[in-house]
Structures are given as C-alpha cells and as structure tokens.
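Chemist: Below is the structure I would like to discuss, written out as structure tokens.
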Amino acid sequence: MNTEPTGIRSIGEISSAAVLINAEDPSFNACRNSVLSFFRGNGIKIELFFLDFSKIDSGERLLTSVNSTILQKDLNWFGLPVKEKRDLILGETYDLFISLYNDDDYTSDFISSSIRARFKIGRRQLPGQIFDIVMNDPAEEPLSEADVFGKIITLLESITKS
C-alpha cells in the first residue's frame, strides 16, 4: 500500500493523471472519450488503465491497449496483477488518480491503494481512507462510469487554489 500523504488539488496544480476504467461498463466508450477530452483539453498528461475481466474469444480483439489493460489472465489466483502490469501502473507518480471502477474487487482495490498519486478520487472508500473524495452512487440508481466522470469534472472545476 502506498503511504504517501494525499490531498485535494485544484486543476491548476494537476499536470498528470491516471484513471482506472472498467472496460465492461456499458458507458465505456463515452467515458473513455470524455476522460481523454477533459484532460487533454486542460493540458494534463493522462494515462488510462483498464480492467477487462470479460471472456474474450480467440477471434475477438480488445477495445483497449494490451499494455494498459489488465485481463483475467494477467492475475494470479487471488487477483494480484502480474509484475509487468504492476510495474506499468505503479511505476509513476501522478498528481491525480481516479478510480471509476465501482465493484468490490481485490484487483481494483490493490491498484487504488498502491498507485502513487497526490490526490485520489474513487467511487467507494477503501480501508485506510485511500480516497480524498468519494463519489457514491445514489441509493436508488447506480450511475454509469461516464455519468460519474461528468460529476467529477464538475467537482474538479469547482475546486479553486486556496
């Protein structure tokens, strides 16, 4: 687990970001496009990481980069990504990390807890208070990743440098 202190930052203080996306979410394409558009539009270097645990047939192609996607075959028996994937994700320090992944899952929890970032946003709090901000879904209706990212954009744009 990463133990570096984190805290809320304004857009002006963010020059690099990493976002964890569930490639199986129905809003995947819209979400990926929105994430890329927002960060590139603000001059922020963006890294996208994907979790895709769907069964992929031999004739199918990934919709995401092989390097930045963690597949079921990239995990050991309890969900830890292979060293190559861990090194890719955990090898950098980011100003902002956003986990749009909302399932209770060891792999996403490990990534969120271990990635080095100065400001972390997630969809549910993890033990150790990993996230600085948590965007919970309304009780009556779960939100898509694209909807949650839209709310995160609004939040990020409202944070001013103090």
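Chemist: At a 1.4 Å probe, what is the % contribution of carbon and sulfur to the accessible area of the chain? Please list the in-between numbers first.
Modeler: Details: 4170 of 8600 Å².
Carbon plus sulfur share of accessible area: 48 percent.
Chemist: For Cα extents along the principal axes in Å, several values are listed as (1) 83, 34, 25; (2) 52, 34, 32; (3) 50, 40, 33; flag the one computed from this structure.
Modeler: Checking each listed value against the structure points to (2).
Chemist: While we're on this one: Would you mind estimating how fast the range 96-162 diffuses translationally, via Stokes-Einstein at 25 °C and 0.890 mPa s with the Kirkwood radius over Cα pairs, in µm²/s?
Modeler: So the translational diffusion coefficient is about 195 µm²/s.
Chemist: Moving on. If each DSSP helix of 4+ residues adds -39,500 (n - 2.57) and the sum is divided by the residues in the chain, what number results at 222 nm, nearest 500 deg cm²/dmol?
Modeler: Value at 222 nm, helices only, nearest 500: -8500 deg cm²/dmol.
Chemist: Rounded to the nearest 10 degrees, what's the angle between the helix 28-41 long axis and the longest principal axis of the chain, both from Cα atoms, 0 to 90?
Modeler: Its long axis makes an angle of about 40 degrees.
Chemist: Taking a probe of 1.4 Å, how large is the accessible area per residue of the range 7-142, in Å²?
Modeler: 51
Chemist: Say R0 is 25 Å: what FRET efficiency, to the nearest 0.05, do Ser37 and Thr160 get from their beta-carbon distance?
Modeler: 0.70
Chemist: Same structure again: State the Cα centre-to-centre distance between the range 29-52 and the range 114-139 in whole Å.
Modeler: 18
Chemist: If r is the Cβ-Cβ distance from Lys45 to Phe78 and R0 is 45 Å, what FRET efficiency results, to the nearest 0.05? Intermediate values should be presented prior to the final figure.
Modeler: Details: r = 32 Å, r/R0 = 0.71.
The value I calculate is 0.90.
Chemist: Report the net charge of residues surrounding Pro81, where surrounding means a beta-carbon distance below 11 angstrom and charges are Lys +1, Arg +1, Asp -1, Glu -1.
Modeler: Counting the neighbours of Pro81, the net charge comes to +1.
The values are calculated or read from the model by the stated rules, or taken from the named source; none is laboratory data. Model, not experiment: these values are computed from the prediction. All Cβ positions, even for glycine, are placed from backbone atoms using ideal geometry, and neighbour counts span all protein chains on display. What goes into the accessible areas is simple: the full protein's heavy atoms, side chains included, and nothing from ligands, DNA or RNA. Shrake-Rupley method; radii C 1.70, N 1.55, O 1.52, S 1.80 Å.
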